[in-house]
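Written below as structure tokens is the structure these notes are about.
Nothing in this text is a laboratory measurement; each read-out follows from the coordinates by a stated rule. It should be emphasised that the depicted structure is a prediction, and the values quoted were computed from it without experimental measurement. For neighbour counting, all protein chains shown are included, and Cβ atoms are generated from backbone atoms with ideal geometry for every residue, glycine included.
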Amino acid sequence: MRQDEDLRGDGDGYRTEDLLRASTFGGVGPIIVPADAIARRVEELAADLTRDYDGLWPLFIGVLKGAFVFLADLAREVAIPLEIDTMAIASYGSAMSSSGVVRIVKDLDTDLTGRHVVIVEDIVDSGLTLSYLQRNLMSRNPESLEVCTLLLKEGRQRSPLYIKYVGFPIGPDFVVGYGLDVDQRYRNLRDVHLYEDGL
């Protein structure tokens, strides 16, 4: 889906109650991807994953904390047996950018040997953290390893990345909502918003 496509869906556009709700958070700007568009795209991604992993019993690995909303919604739409595990990783850098220097805060409980693994990300920006994660998980001998991200910031990757499943390409602006945060705030917004505070 192109970034300039109308993501508002049918009807009169954005829900008034969601706009009013977001206005109480402070620093939250316009909606970039509304909840109804997210729901439709999650269904489409789940259908692709269902087809591609039928009979393979895939392992979905959610990258905490940002991916927890996307992971939960995606997993419930996938129509084949799967397993879920999570990792928490800390990337050194500013609140809005990653240096690519990563440490694992919570590791997996599952042995990846011979497994078909899907990394579930909320957003891919520079790709430095994801590149580290891919190298780390490949060293554990999975049968296959793919990435499913809700959002991909186009043109921001510092090295080539192959991401098989992408929800929405977006621009370079910092965004919050639907699991994405600033200092642990805004994760519970239903839509993805531009973050304007301090910009």
Subject >> Gained length - PHE68 relative to ARG140, 0.36 nm times residue gap less alpha-carbon distance >> reply: 23.6 nm
**OP:** Can you pull the one-decimal nm distance between simple spin-label points at ALA79 and GLN184, each 7 Å off the Cα toward Cβ?
**Re:** 4.0
**OP:** Using only the Cα atoms of segment 38-174, build the gyration tensor, take square roots of its eigenvalues as a ≥ b ≥ c, and label the shape rounded, prolate or oblate: rounded if a/c is under 1.5, else prolate if a/b is larger than b/c, else oblate.
**Re:** oblate
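Can you put ILE104, ILE123, ILE170 in order of Cβ neighbours within 10 angstrom, beginning with the fewest?
Details: ILE104 13, ILE123 23, ILE170 20.
Least to most surrounded, the residues fall as ILE104, ILE170, ILE123.
Below 8 Å between Cα atoms, with a sequence gap of 6+, how large is the relative contact order for segment 38-174 in percent?
Relative contact order, segment 38-174: 22 percent.
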Original post:
Amide H to amide H under 5 Å from VAL124: which residues, 5+ apart in sequence or cross-chain, H placed 1.01 Å off N in plane?
Top reply: LEU151, LEU152, LYS153
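Would you work out the charge dipole size for segment 143-199 about its Cα centre, treating the Cβ of every Lys and Arg as +1 and the Cβ of every Asp and Glu as -1, and quote it to the nearest 20 debye?
Details: 7 positive and 9 negative charges, 20 e Å.
So the dipole magnitude of segment 143-199 works out to roughly 100 debye.
Could you give the dipole magnitude of segment 38-174 about its Cα centre, charging the beta-carbon of Lys and Arg +1 and that of Asp and Glu -1, in debye to the nearest 20?
Numbers: 14 positive and 19 negative charges, 96 e Å.
Its charge dipole is roughly 460 debye.
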**OP:** Tally the DSSP beta bridges in segment 38-174 and give the antiparallel ones as a percent, rounded to 5.
**Re:** 15
Original post:
Tell me, THR50, THR149, THR113 in order of fewest to most beta-carbon neighbours within 10 Å?
Top reply: THR113, THR50, THR149
Original post:
What order, most packed first, do the peptides 58-65, 129-136, 159-166 have when packing is the mean number of other Cβ atoms within 10 Å of each residue?
Top reply: 58-65, 129-136, 159-166
